[in-house]
1. Find, among the trypsin sites (Lys or Arg not before Pro) in segment B:38-115, those assigned to loop by DSSP (not H, G, I, E, B) with at most 14 other beta-carbon atoms within 10 angstrom.
2. Tell me, what is the Rg over Rh of the protein assembly as shown, with Rh the Kirkwood radius over Cα pairs?
3. With each run of n ≥ 4 DSSP H residues scored as -39500 (n - 2.57), what mean residue ellipticity at 222 nm is computed for chain B after dividing by its residue count and rounding to the nearest 500 deg cm²/dmol?
4. Mind telling me which of A:A67, A:A100, A:A54 comes out most flexible in a GNM of chain A, alpha-carbon contacts under 10 Å?
5. Which one, A:I31, B:Q54, A:V7, is farthest towards the positive end of the dipole of the protein assembly as shown when Lys and Arg carry +1 and Asp and Glu -1 on their Cβ?
6. Charges on Cβ only, +1 for Lys and Arg, -1 for Asp and Glu, centred on the Cα centroid of segment B:92-154; of B:V96, B:G131, B:G147, which one is farthest towards the dipole's positive end?
7. Based on the Cβ-Cβ distance from A:N107 to B:T19, what FRET efficiency comes out when R0 is 51 Å, to the nearest 0.05?
8. Just the projected area, averaged over all directions, of the convex hull on the alpha carbon atoms of chain A: how many nm²?
Amino acid sequence: MPQASAVDIRHELEALLDGVIRSTECHAIAIARTDGLVVAHRGASGLDPRIVAAVAATIVGAAEVVAQQLGQGEIEEVTIRCTQGRIIAVNAGREAVVIALYGKSENLGLAFLTLGRVAGEIGTLLDRA
Amino acid sequence: MQDGAIRAARLEIQRRAETGHLWEALFTTLGRGAAAILYQAGVRAGTDTFAFVQATWKPRDDAELVRALGEYFRSAGLGDCRDLRIERDAIRVRAVVREAFEVSHHDESRPGPSCHFLRGLLCGFAERTLGASNLVCEETACQTAGGEACAFSAHPLLG
C-alpha cells in the first residue's frame, strides 16, 4: 500500500477530532506525541496547542510511572475532574496521546467510548505516517 | 593547572552533575512525559538563543548566523554543532551536533533519542530564523544509539 502523504494524514486526523467534537460535548481536543510534540488539534481558541500537547504527554507519562510503581499494569486513561470541567487523556497507539476537554455535565461513559475508538484509529493512522 | 582553571573545572563538573540529577529526577517521576517538559524548555531557550546570538554576534547573513550559533554552542557547553543548514525554501533547519550535553545524562534504560532539550532549542531557533511558527524538531540520529553524532531536523508539523 502506498504511504499516505503527510497532508492526507493530517486531514484524516483533523476529521477524526472534528468527529469527536460533533458527537460529544468535547470543547477541545489535541493529539500529541509522547515526547510532547503537537500533531493536530481542534477546539477552544486561546489554548496554546503546544502547551496542551506537552501537558498531555506529561500527565500520561507521570500516570504510567504511578501505575508501574504501584503494580497496576498499563494505564487505560487519565481523568482529571475539575471544578470547571473534565480532562481525559488516553494513549493513541504506542507513540501518541489524545487529550480532550469536557464540561462538568458531560456523560463520561460516552466520552470514554468515543475517545477509545478514535484513539485506536489515530494510532493506526500515525503508524502509516 | 592554575587556580582559576581548577575553579572553572570544578564549577563545570558541578554544573554537569546538577543537570544530570535534574534530568534523572524528571525521568524517574514523569517517565517519558519528561521529554515533553525538556522539549518545551528547549523551545523557549531556542527563542532566547536566537535573540542572544543576534545581539552578540550581529550576523549579516545565514553563513555568519551558522558560525555564531556554533560558537554559542561551544561556549555554552551544549555541544559541538559542526553542521547547521538553514534551508529557507524547504522551511527546514538541520543540525549535526557531536558531544551534545544531554548524551552524558542518558540512562541506558530509556530507549530512543535522548536530546530533548536540544531538539526544543533547535526548534525555537529555527522558528525565529525562518520566521515560521509551529515547527517541530526531531532527533533523527543520536550518539546514545551508537551514532557518531546527534542529528536534528526542524520542519513543519507532519512535513
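1. Numbers: sites: B:R44, B:R60, B:R67, B:R74, B:R82, B:R85, B:R88, B:R92, B:R94, B:R98; in loops: B:R60, B:R88.
Passing both the DSSP loop test and the Cβ count: B:R60, B:R88.
2. Values: Rg = 20.5 Å, Rh = 20.3 Å.
With Rh from the inverse mean 1/r over Cα pairs, Rg/Rh is 1.01.
3. Details: 4 runs with 82 residues, N = 159.
About -18000 deg cm²/dmol.
4. Most flexible of the set in this elastic network: A:A67.
5. Projecting each Cα onto the dipole axis, the largest value belongs to B:Q54.
6. B:G131
7. Values: r = 46 Å, r/R0 = 0.91.
Efficiency for this residue pair is about 0.65.
8. Mean orientational projected area (chain A, Cα hull): 8.2 nm².
Each value in this text was obtained by applying a stated rule to the coordinates, not by laboratory testing. This is a predicted model, so every value here is computed, not measured. Virtual Cβ from ideal backbone geometry, glycine too; neighbours counted across all protein chains shown.
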